[in-house]
Amino acid sequence: MWQVIIGTALAAALAVLLARHAMSTARRRKAEPDRLLSAAAAVLDAPRISAGMTAGTYVLAGRYKGHNAEVKVVADTLAVRKLPSLWLMVTLPGTLPVRATLNLMMRPAGTSSFSNFDHLPFTEPTPHDFPKDAVIRTDDAEHMPDLKIISRHLALFHSRYGKELLITPKGLRIVLLAGEADRARYGVFRQADFGDVSVDPLMVTDSLDLLIALRQDLETWETASS
């Protein structure tokens with residue numbers, strides 16, 4: 001009899017704990033977009049924060065210095081032998097006068113969940129003035145943008161945070177490391193917990209300023225070469 005009572009009480013207590021944990025997780029997930037992006041939203045005009053198309057992605061969209069801008073946070077848990085990473089993808093969409101895609105990736109190691117770098121067919125020699133460990137790929141080596149122009153806009157890639165620069169006829173993108181999962185929690189529980197990380201507004205403005213300056217240089221280059 002007592003065993004039944006104790007077993008029932010333990011089961012009820014466990015059910016309460018699981019319910020509280022589920023409610024806490026749900027509240028945290030609901031608050032996640034604002035927690036990650038609300039500070040960065042202050043640097044954009046008419047900012048809008050929303051959940052992305054896939055789990056663990058959140059999007060901030062708005063205007064910056066007259067340009068449409070998108071800031072996306074992506075949790076990458078697929079990398080092997082590495083801590084899960086939180087990537088910041090800053091995009092300046094809009095038609096560009098370039099005829100080829102150029103992708104600069106720092107320290108490529110296996111497939112990236114946020115990039116098509118591995119699918120580009122041609123690898124180009126890396127100029128000596130580019131950051132160490134940079135690899136350049138393109139879909140059209142004859143028509144890709146002049147690397148001398150690109151070299152003027154790589155300041156963020158001389159730190160550990162710069163990961164990718166993408167130039168396409170449809171726009172520009174820079175990818176930076178925004179955070180890494182807690183090593184202890186991931187090692188024990190295999191949980192990608194990024195703690196209280198939020199997107200640094202300065203990281204967003206630095207990225208957008210870089211992309212705007214790069215866009216202007218590419219437009220000038222295309223006008224001069226046509």
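Read-outs throughout are calculated quantities, based only on the coordinates presented, and are distinct from any laboratory measurement. This one's a predicted model, so the numbers in the text were calculated from it and none came from an experiment. With ideal geometry, Cβ positions are generated from the backbone for all residues, glycine too; neighbour counts draw on all protein chains shown.
Distances between placed amide hydrogens fall under 5 Å for ASP139 paired with THR101, all partners being 5 or more residues away or on another chain. Evaluating 6.51 cos²θ - 1.76 cosθ + 1.60 at θ = phi - 60° for every residue in the range 67-76, the Karplus couplings come out as 10, 5, 9, 10, 10, 10, 9, 10, 8, 10 Hz, glycine and proline recorded as x. Taking a sphere under 13 Å around the Cβ of THR220 and counting the other residues whose Cβ falls inside, with K and R at +1 and D and E at -1, yields a net charge of -1.
For the range 170-176, the Karplus equation 6.51 cos²θ - 1.76 cosθ + 1.60, evaluated at θ = phi - 60°, returns couplings of 9, x, 10, 8, 10, 10, 10 Hz by residue, with Gly and Pro reported as x.
Which order, highest average first, do 93-102, 169-178 follow once you tally other Cβ atoms within 10 Å for each residue and take the mean per peptide? Numbers along the way, then the final one.
Numbers: 93-102: 16.1, 169-178: 20.0.
So the order, starting with the most tightly packed, is 169-178, 93-102.
Let a ≥ b ≥ c be the square roots of the eigenvalues of the Cα gyration tensor of the range 37-225; is it rounded (a/c under 1.5), or, if not, prolate (a/b larger than b/c) or oblate? Verdict is oblate for the range 37-225. Estimated at 0.36 nm per residue, the fully extended path between ASP146 and ASP209 surpasses their Cα-Cα distance by 20.7 nm.
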